Amino acid sequence: KLYERMNLEELEEAEDDFDEADRKAIEMYRQQRLQEWKCLQRRQKYGELTEICGEQYVKEVTNAPKDVWVIIHLYRASIPLCLLVNDHLSLLARKFPEVKFLKAIVNSCIQNYHDRYLPTILVYKTGEIKGRFIGAAGCGGIYLKVEELEWKLAEVGAVETDLEENPSKDTVNMTTLSARSISAHEDTDTKSSDVMKPRIT
């Protein structure tokens, strides 16, 4: 239809040439575009990796809107892999602005959390943990690429990736073995300070 290719100024200039049916169609088209724009605005609500502290955790993570995926990285700035994960999550936050990407210094959320469990990435929706990537092995190792992290997040449903296959499929078996090893050690750790520690499944 001719009016679908017009911009707003052209529509206003040509308005006198339209009959009643055209005017109704144009109004419907305007409403449709407005709804699409509002939907896009809602979806592009975030778009950056935001720092929070422990006091904000419940509000920003657990009580986030029910239709929003939340990805939070618990990190320590002295661990190089944590800094790499932060860099990757910053890129992914821009690529997937409808997803809420957060980071928090681990001690502000969980006291006495052991460095061997860092980085820790938790994926939430509707206030529940839908995925967790814990430690160097669980997160993909020191040579982690942004595409590998994107694939991990897509596997739990947090992002809709355009990647066609797992970019790290050759290393999946080693990662799984390492994660199981960490899990076995975790079961022997009975410190009361680790009660809140996210568990590897």
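The values are calculated or read from the model by the stated rules, or taken from the named source; none is laboratory data. Since we're looking at a predicted model, the values are computed, not measured. With ideal geometry, Cβ positions are generated from the backbone for all residues, glycine too; neighbour counts draw on all protein chains shown. Heads up: the accessible areas ignore ligands, DNA and RNA and are worked out on the full protein's heavy atoms, side chains in. Shrake-Rupley method; radii C 1.70, N 1.55, O 1.52, S 1.80 Å.
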Problem set entry | Hits in segment 45-99 (condition: among the polar types (S, T, N, Q), within 16 Å of Pro119 (Cα to Cα) and within 15 Å of the chain's Cα centre (by Cα)) | Asn86, Ser90
For this session: State which residue pairs qualify: first residue modelled with pLDDT under 70 and inside segment 1-28, second residue open to solvent by 80 Å² or more (accessible area, probe 1.4 Å) and of a type in the set (D, E, K, R) in any location, beta carbons under 8 Å apart, and separation of 6 or more residues or different chains.
Result: Glu15/Arg23
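A quick yes/no check of all residues on (1) open to solvent by 60 Å² or more (accessible area, probe 1.4 Å); (2) at pLDDT 95 or above; (3) not aromatic (Phe, Trp, Tyr):
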site	(1), (2), (3)
Leu49	no, yes, yes
Gly54	no, no, yes
Val58	yes, no, yes
Ala64	no, no, yes
Val68	no, no, yes
His73	no, yes, yes
Exercise. Regarding Gln31, is this residue over 19 Å from Glu160 (Cα atoms) and in a helix (DSSP H, G or I)?
Worked result: yes
Problem set entry | Output for segment 81-95, where each listed residue is open to solvent by less than 10 Å² (accessible area, probe 1.4 Å) and of a type outside the set (Val, Ile, Thr) | Cys82, Leu89, Leu92, Ala93
Seminar exercise, completed: Selection from segment 29-43 of residues open to solvent by 100 Å² or more (accessible area, probe 1.4 Å) and either at pLDDT below 70 or touching a Phe, Trp or Tyr at 6+ places or on another chain (Cβ under 8 Å) (or both) yields Arg42, Arg43
